[in-house]
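The values are calculated or read from the model by the stated rules, or taken from the named source; none is laboratory data. Just so it is clear, the structure is predicted and the values come from calculations on it, not from any experiment. Cβ: placed from backbone, ideal geometry, glycine included. Neighbour counts: every protein chain shown. For the accessible areas, the whole protein counts, side chains as well, though only heavy atoms, and no ligand, DNA or RNA atoms are used. Shrake-Rupley method; radii C 1.70, N 1.55, O 1.52, S 1.80 Å.
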Amino acid sequence: MRRLLMTTASTSASGDLAVTGSTSFSLTLPWRLNPSVALRPEPFGALLYHFGTRKLSFLKNLVVVDLVQSLADQPSAEAALIAAGIADADRPMYVQALTALADSGMITARDQE
């Protein structure tokens, strides 16, 4: 199984390892890119930078970039996967990527804003 997401450790201004809270990712919830996160498209995918935690993540393909960008326009993560045309065989890989992004605070449930 290909990995779609690569994250790097982050440090606070004091040099301490930043700890992000674990978020329970659910396909039924509406999600969006965290307002504290900048997404910069790149030929390989995209860079995500969280200004609060100073964490940098790499999205390693354009489909996951489009998926993340479409989250705010869909009623749920499930709807975003369907709208992106993600095949059932590939679905676990994309759900894993979204879960990692939620756990790292890169995406946030819209009702938690």
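Of note:
- Filter pass, PHE51 being at pLDDT below 95, more than 11 Å from the chain's Cα centre (by Cα) and surrounded by fewer than 17 Cβ atoms within 10 Å (Cβ to Cβ): no
- Those helices (runs of 4 or more DSSP H) lying entirely in the range 30-113 with at least 3 residues touching a strand residue (DSSP E or B) at 6+ places or on another chain (Cβ under 8 Å): 62-70, 91-103
- Residues that are without any contact (Cβ under 8 Å) to a residue 24 or more places away in the chain and either crowded, with 17+ Cβ neighbours inside 10 Å or not charged (D, E, K, R) (or both) within the range 71-111 comprise ALA79, ILE82, ALA83, ALA84, GLY85, ILE86, ALA87, ALA89, listed in sequence order.
- When residues of the range 54-64 are limited to those that are over 17 Å from PRO30 (Cα atoms) and open to solvent by less than 70 Å² (accessible area, probe 1.4 Å), the one modelled with the lowest pLDDT: ASN61
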